[in-house]
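The values are calculated or read from the model by the stated rules, or taken from the named source; none is laboratory data. Nothing here was measured: the structure is a model prediction, and the numbers come from that model. Cβ: placed from backbone, ideal geometry, glycine included. Neighbour counts: every protein chain shown. What goes into the accessible areas is simple: the full protein's heavy atoms, side chains included, and nothing from ligands, DNA or RNA. Shrake-Rupley method; radii C 1.70, N 1.55, O 1.52, S 1.80 Å.
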Amino acid sequence: MDLRLYDTLTKDKRVFAPIDPSKVRMYVCGPTVYDFAHIGNARPAIVFDILFRLLRHRYGEAHVTYVRNITDVDDKINDRALRDFPHLPLNEAIRKVTEKTEAQFHADVDALGCLRPTVEPRATDFVLPRADGKTDMVTLIGQLIERGHAYVAEGEVLFDTQSMPDYGKLSGRRLDEQQAGARIAVDAHKKHPGDFVLWKGSSDNEPGWDSPWGRGRPGWHIECSAMAAAYLGTTFDIHGGGLDLIFPHHENEIAQSRCAHDTAVMANYWMHNGFLQVEGEKMSKSLGNFVTIRELLESKRFGGRNWSGAVLRFAMVKTHYRSPIDWTVDALDESSKRLTRFRQTVEKFGARAGGDVAPAFLERLADDMNTPAAIAELDGLNRRANEASDQDAARQLAASLSLLGISPDMEQRAPGNELFDDNIRQLIGSRTAARANKDFKESDRIRDVLLAMGVVLKDGKDTDGKPVTTWEIAR
Ligand code: AMP
Ligand code: ZN
């Protein structure tokens, strides 16, 4: 059975053929870490987690590499650091913001049943040339200048869009259209208003790295070009993200990567999830319908109750990934009821997730991840199991749910817990090690990260006098 995927670049659904089936490679743009992730941010995490699982199922777990970056340099991060930690040196304040937010993000997507990507590079580790020789941003920018695709103007390095004949192909935007309405005053130093920043100078209260173009910081797009090449090479199989990233972010990633490496394509399949809105409206703080993953899991803000990670995940995949989702209390209620029915069947038959996935279910998923059609197959299996006492159907139901990242008991568990606990235990382990090394700065830092996750530590001693740390959720 072929796997078919829709490609935003060629605008068609094609049979997926990896460049090297023993090494399938996918890159997805990750979060900018300055605040709690909202439920819209959960969509790409879940959608590409399902693709990751499907690819692993098909090509074998050891043969799929999934890279999702962490954007830890961004002006929004600086602003947050200055606001929240005004008395700390800037770099320390930034680190506090990004590490705390990254830990929150992990706890949230873990609770939604997402596997960790194979690698999660942080942008700040790829700004300057690296000891291991992996691609970095400064070298890439240098190559673009050398090849005549970038120029220096007023302390910035800009990509020269006119140097690339097919710039704009992904989004279907033409350069001459971008001329109209451009902010001429701001862009006076640009050769073309569509030219975008690869490198910009930093003032003293902005983070900066010493580069051939002075102390500065990278533009957003170059981060992903560098990290994708660092782990996946100059051309790879799949590149993903939300619909809003098509322009300018992915368009510019393509321009940078193709021009720096002189390749015909950056990735063979460009995949984009549709947008999520809440109760019929765009999510926004001012409308009061802005809801974070954490609030859904742990508070009663949405629909007067909290929701398990399994219900949130199920509600997300009931809609095809390219369609818009309307996130409503009713949809969550319905998901919760349906999952309960599935769980009861799986329990009744004592079915385990290890068996074979239902062929019809797999066929639907292989058709550009048609999750709504795949879930309709689950309803069929559930009926067959109950009406015909069909043990095999119950087993296939459990296995198929598991391929969707939903274990039958996940829905019963209190939200967040097991994976959240693991994450906390890991952090406590690192803190204990830091304390043993008398690195109290590090141990305090980890304590603050945990505090930000709502976890309070208690240090004590066990009966042998060995230090032990216990924890509880702050109330
Ligand atoms: P950001 O933190 O804004 O860079 O977004 C991280 C990821 O979430 C990107 O892939 C975005 O496309 C995606 N995203 C942001 N808002 C939404 C939304 N309302 N619906 C679906 N995806 C979204
Ligand atoms: Zn990106």
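One residue stands out in region 366-393 among those that are in contact with a His (Cβ under 9 Å, 6 or more places away or on another chain) and aliphatic (A, V, I, L, M): the one that is surrounded by the fewest Cβ atoms within 10 Å (Cβ to Cβ), namely Ala373. Candidates in region 95-122 are the residues that are assigned to a loop (DSSP other than H, G, I, E, B) and charged (D, E, K, R); of these, the one that is least open to solvent (accessible area, probe 1.4 Å) is Glu120. Collect the residues in region 308-358 that are without any contact (Cβ under 8 Å) to a residue 40 or more places away in the chain and either open to solvent by 40 Å² or more (accessible area, probe 1.4 Å) or of a type in the set (Ser, Thr, Tyr) (or both), keeping them in residue-number order. Once the filter is applied, which keeps residues that are without any contact (Cβ under 8 Å) to a residue 40 or more places away in the chain and either open to solvent by 40 Å² or more (accessible area, probe 1.4 Å) or of a type in the set (Ser, Thr, Tyr) (or both), region 308-358 yields Asp330, Asp333, Glu334, Ser335, Lys337, Gln344, Gly350. Only a single item in (1) within 23 Å of Ile46 (Cα to Cα); (2) within 16 Å of ligand 2 (Cβ to nearest atom) is not met by Glu281, and it is number (2).
Residue pairs whose Cβ atoms lie under 8 Å apart, sitting 6 or more positions apart in sequence or on different chains, and linking a residue in region 429-455 that is without any contact (Cβ under 8 Å) to a residue 24 or more places away in the chain and within 22 Å of His106 (Cβ to Cβ) to a partner that is part of a helix (DSSP H, G or I) and open to solvent by 70 Å² or more (accessible area, probe 1.4 Å), are Ala434/Phe440; Ser443/Arg435.
For region 249-286, which residues satisfy the criterion of being over 20 Å from Ser171 (Cβ atoms) and assigned to a strand (DSSP E or B)? Correct list: Leu276, Gln277, Val278, Glu281. Evaluating Phe48 against the criteria (1) surrounded by fewer than 19 Cβ atoms within 10 Å (Cβ to Cβ); (2) modelled with pLDDT of 95 or more leaves one unmet condition, (1). Of the strands (runs of 3 or more DSSP E) lying entirely inside region 183-248, those containing at least 1 residues that are under 30 Å from Gly274 (Cα atoms), within 17 Å of the chain's Cα centre (by Cα) and in the same structural domain as Arg25 (by TED's automatic domain parsing) span 236-242.
Ser286 fulfils the conditions (1) over 18 Å from Asn41 (Cβ atoms); (2) small (Gly, Ala, Ser); (3) touching a helix residue (DSSP H, G or I) at 6+ places or on another chain (Cβ under 6 Å) except for a single criterion, (3).
Any residue at all in region 56-75 that is within 14 Å of the chain's Cα centre (by Cα) and part of a helix (DSSP H, G or I)? No; the residues of region 56-75 include none that is within 14 Å of the chain's Cα centre (by Cα) and part of a helix (DSSP H, G or I). Being within 13 Å of ligand 1 (Cβ to nearest atom), within 20 Å of Leu232 (Cα to Cα) and surrounded by fewer than 23 Cβ atoms within 10 Å (Cβ to Cβ) holds for only one residue in Thr71, Thr65, and it is Thr71. Within region 262-278, the set of residues being away from ligand 2 (no atom under 16 Å from the Cβ) and surrounded by 18 or more Cβ atoms within 10 Å (Cβ to Cβ) comprises Asn268, Leu276, Val278. Only helices (runs of 4 or more DSSP H) whose full extent lies in region 390-475 are considered here, and the ones with at least 1 residues that are within 30 Å of Glu295 (Cβ to Cβ), at pLDDT below 80 and among the small types (Gly, Ala, Ser) are 440-452. Being farther than 21 Å from Leu362 by Cβ, assigned by TED's automatic domain parsing to the domain that holds Ile254 and more than 16 Å from ligand 1 (Cβ to nearest atom) is true of Arg95.
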